[in-house]
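Novice: Below is one structure. I have some questions about it.
The values are calculated or read from the model by the stated rules, or taken from the named source; none is laboratory data. Keep in mind that what you see is a predicted model, and the values were worked out from it rather than measured. Cβ sites come from the backbone with ideal geometry, for glycine too, and all protein chains shown count toward neighbours.
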Amino acid sequence: MVLPRFIRNVILARQRADLPLRLNRRRIYILPTRAGTVFAFFLLAMLVAAINYTNNLAFLLTFLLGSISILSAIHAYANLAGLGVEAGRLFPAYCGDDARLQLFFRAKGRERRRLSVRVGTAEDEFSLAVGAGRELDLHVTTSRRGPLPLGQVVISTRYPLGLFRAWSPLVLPVTGLVYPKPLALDRMDWRHLQGDGDEGGLGVVSQSGEFGGVRPYRPEDGLSRVSWKASSRGAGLFSKEFRSGVARTLVFDWDDVRASGYEERISLLAGLVREAEREGLCYGLRLPGLIIAPGSGAGQAHRCLEALALLPEAA
Amino acid sequence: MIHDKRRFSVTLLALALAFAPHLPRVPVFVGVFVFLAWGYALGMQYRGWPVPPRWLRAILALTCLALVLFTYGRSFGRDAGVALLSLMLGLKAVESKSVRDMLALLFLAYFVVVTNVLYSQTLVMSAYMFFSVMAVTAALVHLHSGEPRLLSDLRRGGLLLVQALPLALILFVFFPRLQGALWGVHDERDEGVSGFSETLEPGSVASLSLSREVAFRVDFPGVIPDRDSLYWRGLVLDSFDGLTWFRALPFDLVPSRADALPAQSVSYTLTMEPHNREWVFALDLPVLAPRGTVLRSDQTLASLRMVRSRVRYDLAAVQAPGLSPVPGPAWTALPEGGNPKARALAAEWKDAGLSPGEMVAAALKLFREGGFVYSLRPGAADKDIVDQFLFATRLGYCEHYSSAMAFLLRAAGVPVRVVVGYQGGEENPMGGYLIVRQSDAHAWVEVWMDGRWLRVDPTSVVAPQRLVTGVESFVPQGQGGVLPEGAQALRKVGRFFQLGWDAANNSWNQWVLGFSHDRQRSLWERLGIDPTTGAGAGKLAGVLAAGLCIILGGVFGVMLRSRHGERDQVAFLYGRFCRELAKLGLARGLSEGPRDYARRIGMQRPELAQAVRSVVDAYIALRYDGAGDPAVFKRLVDEFMGRKM
């Protein structure tokens, strides 16, 4: 369905919703399904037959089936109304991978049977007992780096008879982040390049260090730096500290990376960050107008990848 | 998917329930095919049997169609349609894979349920149809309900049905009915309708004497008249060919005098079972022709159309016949020759100069004192049947007596005619109405005396109890003769249930099946609407709309009602408590547990700390320790809500 952009915007604005929310009549739409339309024609044929044969039992059955189908619309509405959408979270993902969307639902008041949630092309179904809560994971496709607005989430149900579909389109204030697509680096290359880092081939600034003792663990240290021996004494975690040699601190520099294009440069840096994080190294990032001090751990990786993801588009 | 297998089985089960009543009606090959196809379809689901290729399915479909056409020939009607529909049920099941296919199957199942009305509309069948609608609805729910929880789906199906009933009833009562069909209806309901024929010959009434089938039911607004005065006229036979009485003379139509109902008339309502003839039975003598019927000059009623479905008539009767003109010679005509002894007897009467009244008395005296016996099995006669009966066997049923008496009187030159119809009826104390059965079929004569046709029932002098207790006292009861007392009591109980059942059926027929265009009109008139001008219809529409809104609103209310259990009452109170605090700017964080929440409030608003602490402690005790009293918790929350700000 192609609508002019401004109409789409108006519709989307209506669907904007803050979490947590409960689905109510302002947000729920209901229409017959295709099966429902077929059934309506079928009922009409039955009604005509009943009129023609002036058969009262046929009248009664036709009206009974008609009433059942109309009431099934109310049942479908009730299955959706009052459903609580309590929280939503979109986890970061590399471009091209699926981002994980986590939504948390709660059945308020009544049990819910077979609700379906669709985001883009991802779809999943669930049921809830009275008062029960449940989180649902959906996988959202990514196509470009940068912020990932969630777009429209559609919660729908065809329960109980499949003749009506009640649905609620929501635009939730959930934004994810798509990291740049990391350029795959060959492991061997990576080792090899480290050696002539000073020559700036890949823009790797390497510093050798030696094991210098232990200090109290800081979250950004990463598990690979935990000194298990020191920590085993029971006085908390300790990290190994390097002066030079054993671990290196790397700073990936925007200007020193040799790449053919703007996006490729970003991808290469993202690949380096990912690889450095995998190796448990201490690394930093130097971008135009932004320097991220060396560190390690998931937080450091996220900081670096976020900075890369949010770089402006090439001019 | 395991769920799909289960869904498919449930779909087939619903289908089988819907199809079951048709099983004895379709040809054997159709039934066998349907069950084989369903068996194979189950094998596809559970054993992974291959889906038959498209060409095979096409061949099967064409073969089925050909077989049906071969079986039914060109008369493609109800039976052929149902057979074809049944074959479709089998074929569609074999190609069903997706949920959408199952949906189509269940729609077909609804359709199959509805086709039952073409065969049977009895109370039992209707109840079964409602049951199958519920089953199919539950199967539809099962198809759309996520995890298979059959019991809960069944309950939902039942709930839908129960909620839909009042709505359906309103539509049923107020949906405008037309008079007659939209287009021609070919009706196949000819077979198996019992009732007497258009002629009277020895054995034609006796053959009905064992049939307990209902001919019609009668509702008297007042007291039911005495049983021996209940003569239901069917048709008047005017000619005799030596064996059979039949109708040959032309008759006039009497203009209906609905406006001038005589003072001494008895009004009643008669509901006739279909008999595929045009005659309408009416209490002796009808004076009114209700809509759709005509009154003939021989004082019988006839419907303008064949009575193919149950019809309800409002009728009135008068006791005394009116004056009628002198009948022509045709009313004394007899065939040439035959029955010489009877003719001789009649000539004797005539020569003795007896008046018609005296002749009637003489004939009745002959029957009463001549050793005549009332019998259901008088034996067959081939020629001179009147002579044989009067002077040899002296064994006969009502048709013998009427036929003989009419013959004697005609031979003596008195105009006489034979009337066939029903006599008596059984009162149903539970419904306060009269049931007239085929076994009440009767024949009597009418003699033209003193300018009127007067009823004479020769059977009444031979077997007077026939008029009081009905024909049953003459029906032989097996070899045992008198039944033992226990069996008598059992018979009484059986009788009681039979009558109760008939009352239930009668109400069903009257109020549901018999609700017609005319009765809808009279309902509208009673509601203050003029059906022709439509005045007052607006008011009714308003009331109807309000009624529908109330029903729909009620269902809305029921469906949107929250189900708070004991446990949820606590959650509900805690929610109220949190909302109250939120109003004070102390909203609970999503991830904030009760203890942390209380601690934070204690720091931010020390003056609330004490009250909040006690509520939260009670909450924690109830929720996490399984201790504490919900009533105490409720009191604490109420106190907190009602505190002095």
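Novice: Filter segment B:582-638 down to residues that are free of Cβ contacts under 8 Å to residues at least 12 places away in the same chain, among the small types (Gly, Ala, Ser) and assigned to a helix (DSSP H, G or I), then give me how many there are.
Specialist: 5
Novice: A follow-up question, please. If we only count strands (runs of 3 or more DSSP E) wholly inside segment A:200-307, which ones have 3 or more residues that are farther than 20 Å from residue A:183 by Cα, at pLDDT 85 or above and of a type in the set (A, V, I, L, M, F, W, C)?
Specialist: A:290-295
Novice: Confirm whether residue B:298 is in contact with a Leu (Cβ under 7 Å, 6 or more places away or on another chain), acidic (Asp, Glu) and not in a strand (DSSP E or B).
Specialist: no
Novice: May I pose another question? Of all helices (runs of 4 or more DSSP H) completely enclosed by segment B:64-177, which ones contain at least 1 residues that are more than 7 Å from every other protein chain (Cβ to nearest Cβ), under 28 Å from the mean Cα position of the chain (by Cα) and surrounded by fewer than 16 Cβ atoms within 10 Å (Cβ to Cβ)?
Specialist: Passing ranges, in order: B:78-94, B:123-143, B:150-174.
Novice: Right, another one. Report those helices (runs of 4 or more DSSP H) wholly inside segment B:463-527 carrying at least 3 residues which are modelled with pLDDT under 80 and within 30 Å of residue B:175 (Cβ to Cβ).
Specialist: B:517-526
Novice: Would you check which residues across segment A:291-305 are over 17 Å from residue A:268 (Cβ atoms) and not β-branched (Val, Ile, Thr) and list them?
Specialist: Listed by number, the residues that qualify are A:293, A:294, A:295, A:296, A:297, A:298, A:299, A:300, A:302, A:303.
Novice: Determine if segment B:288-295 includes at least one residue that is at pLDDT below 80, farther than 17 Å from residue B:318 by Cα and not in a loop (DSSP other than H, G, I, E, B).
Specialist: No, segment B:288-295 has no match at all.
Novice: If you don't mind, another one. Could you list all residues from segment B:390-417 that are in contact (Cβ under 8 Å) with a residue 60 or more places away in the chain, under 21 Å from residue B:442 (Cβ atoms) and more than 43 Å from the chain's Cα centre (by Cα)?
Specialist: Passing the criteria: B:408, B:409, B:410.
Novice: Just to verify a result, which residue in segment B:327-352, among those that are modelled with pLDDT of 85 or more and outside any helix (DSSP H, G or I), is surrounded by the fewest Cβ atoms within 10 Å (Cβ to Cβ)?
Specialist: B:352
Novice: Going by the structure shown, is residue B:85 closer than 28 Å to residue B:131 by Cβ and either not assigned by TED's automatic domain parsing to the domain that holds residue B:129 or not basic (Lys, Arg) (or both)?
Specialist: For residue B:85, the condition - closer than 28 Å to residue B:131 by Cβ and either not assigned by TED's automatic domain parsing to the domain that holds residue B:129 or not basic (Lys, Arg) (or both) - is met.
Novice: Take residue B:49 and tell me if it is in a helix (DSSP H, G or I), of a type in the set (Phe, Trp, Tyr) and out of contact with any strand residue (DSSP E or B) (no Cβ under 8 Å at 6 or more places or on another chain).
Specialist: no
Novice: Just name the residue that is surrounded by the most Cβ atoms within 10 Å (Cβ to Cβ) out of those in segment A:50-109 that are more than 7 Å from every other protein chain (Cβ to nearest Cβ) and among the aromatic types (Phe, Trp, Tyr).
Specialist: A:105
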